[in-house]
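The values are calculated or read from the model by the stated rules, or taken from the named source; none is laboratory data. Since this is a predicted model, take the numbers as computed values, not measurements. Please note: Cβ atoms are built from the backbone with ideal geometry, for glycine as well, and neighbour counts cover all protein chains shown. The accessibility values were calculated without ligands, DNA or RNA, using every heavy atom of the protein model including side chains. Shrake-Rupley method; radii C 1.70, N 1.55, O 1.52, S 1.80 Å.
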Amino acid sequence: MHQLALNHISCVYDTSLVSLDDISFTVDKGESICVLGANGSGKSTLLQIIASCVKPSSGEISIDKGKAGIVFQEPDNQFFMPTVWEDVAFGILKKGMQPEEARTLAIKALTDVEAAGLADRPLYKLSGGEKQRVAIASILIMEPEILLLDEPTAALDPQARKNIINLLKNLNCTKIIASHDLDMALDIASRILFLHKGKIAADCPAPGLLEDEGFLQSIGLELPLGCRRYILYGIS
Ligand SMILES: Nc1ncnc2c1ncn2[C@@H]1O[C@H](COP(=O)(O)OP(=O)(O)OP(=O)(O)O)[C@@H](O)[C@H]1O
Ligand SMILES: [Mg+2]
């Protein structure tokens, strides 16, 4: 049995706009899938449907035991506690864990994303990249079977981006990552799902079509830097 199966999923937010159009695919345990596509192609909608945050207009979705945890594109959408550690610990506190143990686990999760120093800071004072790391920690602490990440590297500086990519590479859970960072996809994905105007344009093992400039341009994307086969010599 597949860990996740989507069967003819469509999503229409209002009568005129089809955000997802007849999407079907299955995911097996341990896969690392990047969902790539231009702005508005339906990436966030797809992740939110898998996380049960958005109800599809039609179609069926099944997850074989366990839960999917989502890190949103805008981390502010998932914060509501006064300090970082309390927010990271929110899920386990709600499950009944004692505050002392919950704090220890929160600090461990923050350490994993190199943000332990932020534990006692108020969330609203963090930078975008710091918020992104805290948001990832607050989901990792729940040990989801399927980790859904929406643009996890978008707000990060190059060093933080590299650290998050390494962290994600070392996680054993199933990952589905929506992104415009095609080089991250090249680095991290075992499979790529290309979305174009709400439909699956291609579903292939990585790197596959990530190296096909004509295909990428046809769906509004560009070759990742890691696939550009030319070297620029000093131009004066
Ligand atoms: N809550 C909503 N209500 C109405 N329309 C929406 C809503 N959320 C998304 N849409 C529309 O659905 C389409 C797909 O949006 P979605 O956010 O899934 O795209 P995306 O691929 O994640 O884009 P981006 O790369 O800009 O994050 C877009 O046309 C968008 O305007
Ligand atoms: Mg999006």
Checked pairs for the stretch 195-220, first free of Cβ contacts under 8 Å to residues at least 40 places away in the same chain, second loosely packed, with under 15 Cβ neighbours inside 10 Å, C-beta under 7 Å and 6 or more apart or across chains, list as Pro205/Ser190; Leu216/Glu222
Considering only helices (runs of 4 or more DSSP H) wholly within the stretch 136-236, the ones with at least 1 residues that are open to solvent by 10 Å² or more (accessible area, probe 1.4 Å), touching a helix residue (DSSP H, G or I) at 6+ places or on another chain (Cβ under 7 Å) and aliphatic (A, V, I, L, M) are 158-169, 182-188
As an exercise: evaluate His2 against (1) out of contact with any helix residue (DSSP H, G or I) (no Cβ under 9 Å at 6 or more places or on another chain); (2) open to solvent by 50 Å² or more (accessible area, probe 1.4 Å); (3) part of a strand (DSSP E or B) and give the number of the one condition it does not meet. (3)
Test Ala106 against the criterion of being over 22 Å from Thr174 (Cβ atoms), assigned to a helix (DSSP H, G or I) and aliphatic (A, V, I, L, M), and give yes or no. yes
Among the residues of the stretch 158-187, how many are out of contact with any strand residue (DSSP E or B) (no Cβ under 6 Å at 6 or more places or on another chain) and aliphatic (A, V, I, L, M)? 9
Looking at Gly117, Gly37, Gly128, which one is among the small types (Gly, Ala, Ser) and farther than 24 Å from Asn163 by Cβ? Gly37
